[in-house]
There are 2 protein chains.
Amino acid sequence: MKKFTKLENGGVSAPKGFLATGVFCDIKRLGTGKGSEKGQKPDLGIILSVIPATAAGMFTSNKVAAAPVRLCVERIKNGVCQVIVANSGNANACTGRQGLADAYKMAEIAAKSLRVPKEHVLVASTGRIGIRLPMKNVISGIHNAVSQIYESSPDPTEFARAIMTSDTRLKQCAVEFKLCGKNVRIGAACKGAGMIHPKMVSPSRLLHATMLAFITTDASIDPVALQAALELAVEQSFNRITVDGDTSTNDTVIALANGLAENPEITADSLQDPNGQQFQSALNFVCLELAKMIVMDGEGASKFVTVKVSGAETDTDALAVARAVANSVLVKTSWNGGDPNWGRIIDAVGYSNATVDEQKIDIGYSIPNSRKVLWACKKGTPTKTSFKALCDVVANKEFTVQINLNLGNSSATMYSTDLSEEYVDFNKGTITDPANLGG
Amino acid sequence: MKKFTKLENGGVSAPKGFLATGVFCDIKRLGTGKGSEKGQKPDLGIILSVIPATAAGMFTSNKVAAAPVRLCVERIKNGVCQVIVANSGNANACTGRQGLADAYKMAEIAAKSLRVPKEHVLVASTGRIGIRLPMKNVISGIHNAVSQIYESSPDPTEFARAIMTSDTRLKQCAVEFKLCGKNVRIGAACKGAGMIHPKMVSPSRLLHATMLAFITTDASIDPVALQAALELAVEQSFNRITVDGDTSTNDTVIALANGLAENPEITADSLQDPNGQQFQSALNFVCLELAKMIVMDGEGASKFVTVKVSGAETDTDALAVARAVANSVLVKTSWNGGDPNWGRIIDAVGYSNATVDEQKIDIGYSIPNSRKVLWACKKGTPTKTSFKALCDVVANKEFTVQINLNLGNSSATMYSTDLSEEYVDFNKGTITDPANLGG
């Protein structure tokens with residue numbers, strides 16, 4: 001049970017019946033003349049399921065929602081989707097009615113080209129805020145991508161590249177496992193490096209979603225079960241990461257399940273059964289792998305820090321403490337300097353809104369794959385652990401901050417980065433570019 | 001009415017009957033040998049009112065409260081105080097029972113030396129967290145400071161210097177005004193440059209306070225009225241500033257009023273009368289001046305940015321939007337680059353928890369002392385204002401971001417800085433120093 005194999009270089013087309021590709025169509029309108037496509041990173045991608053798939057989604061809780069998010073929220077209700085069109089370079093956010101019309105137009109063009117009902121097409125965008133999509137380029141991009149799919153030359157890695165913005169690395173993952181003797185796969189691709197502090201909710205609770213993640217599977221699962229499984233997986237992965245504490249207007253996770261693995265359908269009722277749990281654990285793994293990739297590739301990040309809070313009175317308290325520490329500018333700058341500054345950590349614990357008792361707070365550091373915790377602070381006061389020993393842990397590229405509130409049994413984990421001069425330099429922006437409105 | 005004169009170079013001893021000074025006693029234990037005091041910034045200061053004064057205070061809402069804050073919260077209840085002892089270099093936070101005993105000892109030593117009841121002494125500390133105060137040095141410092149006061153050589157500017165930590169500039173202010181024909185003065189000194197995002201509450205609501213501010217006045221005012229006036233003034237000044245979004249364990253504002261101006265006593269009832277309002281407006285002015293000084297001297301700060309939110313449904317919503325924008329890492333880095341990136345601003349508005357309607361949000365920029373607002377975004381979409389014109393505003397050392405939610409009549413203002421590479425570099429810390437646990 002709960003066993004699965006990670007596939008090498010697997011992405012969104014690892015499961016049966018999924019095709020994906022990416023093309024360059026100059027969404028940032030960088031070039032004009034011929035030949036501008038040569039060597040350019042693709043900026044528009046398409047995922048196609050060869051048959052209609054069950055669909056589920058989680059979207060940003062930011063009340064300023066981009067047009068593609070609005071479209072997805074509307075259409076995901078149907079629980080069915082066959083095509084996802086995604087672009088980078090432009091978030092199609094703060095673009096008003098025209099932006100919404102453009103998002104629907106993107107879907108319509110893709111639907112026509114691929115001969116699927118337009119209601120079965122979802123869209124996602126990431127990039128600049130407040131600028132209209134260059135629809136001529138987008139349409140030409142969609143046609144080129146569709147041609148690649150029809151000519152059987154799609155390249156899923158090009159899809160993963162197409163959605164990258166400030167990302168420096170490809171983010172893909174795929175696993176394989178058995179359900180009732182059938183081979184089932186889950187594949188995924190995502191992007192995100194800045195404006196990362198997702199707090200996504202299911203569309204039913206949605207007010208409005210720059211991290212994008214697309215998950216494909218050939219498992220057979222009904223829409224209610226897929227949505228429930230996705231919510232659980234996202235809550236423990238994408239919703240537990242932060243790079244800069246800024247929750248984007250475009251955060252989107254979409255999962256498609258086309259059933260071609262022919263396992264007995266997982267339903268809401270059977271999600272707790274061994275088969276359902278096998279699916280859930282594989283989905284959890286894929287989402288957490290991708291979420292960690294986003295943090296590791298965070299803008300200017302040199303450290304991957306896990307913040308583990310235990311002993312809280314409630315889950316809400318545990319998460320509040322983990323978020324406060326993971327987002328503290330002073331804590332993150334100290335990590336950048338390799339400084340085991342638990343004074344700043346306990347300060348963040350104290351202002352987190354959680355119930356805490358200073359005289360019960362323990363704070364320690366550990367390295368990955370080690371159970372040994374070096375405690376810097378016990379019961380709110382310093383321990384005798386040597387400063388050098390603490391520095392040695394924090395000098396690692398990856399380490400864990402352990403916070404025990406010693407008040408109850410609730411725990412929470414957040415994944416964060418340091419805050420570096422490189423981050424600031426990157427985000428100062430190139431103000432000579434009038435369209436540099438990041439989002 | 002509401003007229004007052006700002007005094008040149010005035011500080012805490014501008015009002016009648018207040019003496020203040022500062023001495024170096026090596027709280028950071030930098031040096032050892034003789035002569036280490038030569039040229040060193042003072043690190044311990046004393047304010048003395050020659051007669052017992054009415055006292056009021058506001059302290060951090062951080063649940064991890066430093067020992068001196070606990071002492072103040074306990075003693076301020078009496079509404080009377082004659083002496084304040086303050087030190088920099090050590091926050092006396094996370095120091096357990098011993099730390100609390102040390103804070104009471106500081107007060108006791110000062111009380112004995114100055115021959116006042118120990119209950120009439122308040123203490124305040126700022127600096128490193130998690131390290132015991134070097135009591136021998138502290139005691140010797142108190143004796144030296146008292147000697148200066150007795151030998152009539154106190155220097156209030158040395159007091160203001162004594163409380164500085166990463167501050168690069170002195171922060172003092174004093175005003176004079178008339179109450180019923182009597183000359184009344186308010187003087188003040190404060191410190192703060194990092195870990196600045198005060199959210200102070202009155203002791204009655206207190207869970208537990210690194211900005212410190214000390215306000216003295218020779219006005220005659222009862223303790224209830226002084227507390228009420230202070231709360232109002234702090235709420236619109238110190239509680240509206242942010243440098244890095246980290247709320248300290250030591251934030252403290254103390255006001256002392258010794259009545260030597262001999263005006264008719266201001267009571268809770270008469271606070272709304274013209275005399276009370278004159279006092280209130282002068283107090284508001286002094287607090288806001290000091291609060292702005294803190295922001296202008298923010299660690300690594302190159303910009304002073306006022307965030308004005310209007311048209312919110314409630315005051316809570318207005319403040320939530322102002323705080324989200326003023327604390328956004330992405331917004332603050334864009335300011336550092338002189339980039340009028342309203343996309344990041346509207347993103348922060350959207351995740352602020354306030355009720356907002358994207359299609360009603362206006363965002364603009366203006367320069368100090370100008371009523372002209374350059375609108376970058378109207379009704380959630382870009383205006384035709386030229387990018388260059390917006391850049392010209394944001395290129396200023398001081399500018400205002402104007403956000404109109406167009407939903408109601410509530411408004412709020414926050415004062416913030418940019419986030420610079422210098423800030424990160426400064427806060428990476430000097431990890432070779434085992435005691436570098438900032439707070």
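Throughout, read-outs are computed from the coordinates displayed, never taken from laboratory work. Given the structure is predicted, the values throughout are model-derived calculations rather than measurements. Ideal geometry is used to build each Cβ from the backbone, glycine not excepted, and the neighbour counts take in all protein chains shown.
Applying the Karplus parametrisation 6.51 cos²θ - 1.76 cosθ + 1.60 with θ = phi - 60° to the phi angles of the stretch A:385-397, what ³J(HN,Hα) value in whole Hz is obtained for each residue in order, glycine and proline being reported as x?
4, 5, 4, 5, 4, 5, 4, 4, 6, 6, 6, 5, 5
About the Cα centre of the stretch A:227-376, what is the dipole size in debye to 20, counting +1 per Lys and Arg Cβ and -1 per Asp and Glu Cβ, all else neutral?
In total the dipole reaches around 700 debye.
Once the piece of chain linking B:LEU100 and B:VAL80 is laid out straight, how much longer is it, given 0.36 nm per residue of separation minus the C-alpha distance between them?
Length difference between fully extended and current span is 5.1 nm.
Could you tell me the extents of the protein assembly as shown's C-alpha atoms along the three principal axes, largest first, rounded to whole Å?
Dimensions of the protein assembly as shown along the principal axes of its Cα atoms: 95, 60, 47 Å.
If you place +1 on the Cβ of every Lys and Arg, -1 on the Cβ of every Asp and Glu, and leave all else neutral, what size is the dipole of the stretch A:5-296 about its Cα centre, to the nearest 20 Debye?
Here the stretch A:5-296 has a charge dipole of around 900 debye.
How high is the relative contact order of the stretch A:304-419, given as a whole-number percent (alpha carbon pairs under 8 Å, six or more residues apart)? Show your work: numbers first, answer last.
Values: 262 pairs, mean separation 55.6, N = 116.
That works out to 48 percent.
Separation between the A:LYS388 and B:SER302 pseudo-spin-labels, each 7 Å from Cα along Cα→Cβ, expressed in nm?
With each label point 7 Å from Cα toward Cβ, the separation is 3.9 nm.
Would you mind classifying the stretch B:132-206 by shape? Square roots of the alpha carbon gyration tensor eigenvalues, ordered a ≥ b ≥ c; an a/c under 1.5 is rounded, otherwise it is prolate if a/b is larger than b/c and oblate if not.
Because a/c hits 1.5 or more and a/b fails to exceed b/c, the stretch B:132-206 counts as oblate.
Cβ under 11 Å from B:GLU262's Cβ, B:GLU262 left aside: what net charge do those residues give with Lys, Arg +1 and Asp, Glu -1? Write down the numbers at each step before the final one.
Details: positive: B:LYS16, B:LYS182; negative: B:ASP218, B:GLU265.
The answer is 0.
Considering only C-alpha atoms, what is the centroid distance from the stretch B:1-24 to the stretch A:214-239, in Å?
64
For a quick size check, give me the Cα extents of the stretch B:5-296 along its three principal axes, largest first, whole Å.
Computed over the stretch B:5-296, the largest-to-smallest principal extents equal 56, 42, 34 Å.
With a ≥ b ≥ c the root eigenvalues of the C-alpha gyration tensor of the stretch A:26-123, is it rounded (a/c under 1.5), prolate (a/b larger than b/c) or oblate?
Note, shape of the stretch A:26-123 comes out oblate.
Mean residue ellipticity at 222 nm from the helices of the protein assembly as shown, using -39,500 (n - 2.57) per DSSP H segment of n ≥ 4 over the full residue count, to the nearest 500 deg cm²/dmol?
After summing the helix terms and dividing by residue count, I get -9500 deg cm²/dmol.
What net charge is computed for the residues neighbouring A:THR306, neighbours being all others with C-beta under 11 Å from the C-beta of A:THR306, Lys and Arg scored +1, Asp and Glu -1?
On the way: positive: A:ARG240, A:LYS292, A:LYS303, A:LYS308; negative: A:GLU398.
That sum, taken over residues with Cβ under 11 Å, equals +3.
Compute the relative contact order of the stretch B:35-133 as a whole-number percentage, counting only Cα pairs closer than 8 Å that sit 6 or more residues apart in sequence. Working shown, then result.
On the way: 173 pairs, mean separation 33.0, N = 99.
RCO, the stretch B:35-133: 33 percent.
Which of A:LYS6, B:LYS372 comes first, and how do the rest follow, when ranked by fewest Cβ neighbours within 10 Å?
B:LYS372, A:LYS6
For the stretch A:109-140 and the stretch A:324-390, write down the distance between their C-alpha centroids in whole Å.
46
So, R0 is 25 Å and r is the distance between the beta-carbons of B:THR316 and A:GLU313; what FRET efficiency does that work out to, to 0.05?
0.50
Which net charge results when you count Lys and Arg as +1 and Asp and Glu as -1 among the other residues whose beta-carbon is under 12 Å from that of B:CYS190?
0
Over 24 Å between Cα atoms: which of B:LYS6/B:LYS171; B:LYS360/B:LYS397; A:LYS28/A:LYS428 fall into that group? Intermediate values should be presented prior to the final figure.
Numbers: B:LYS6/B:LYS171 14 Å; B:LYS360/B:LYS397 29 Å; A:LYS28/A:LYS428 19 Å.
Beyond 24 Å: B:LYS360/B:LYS397.
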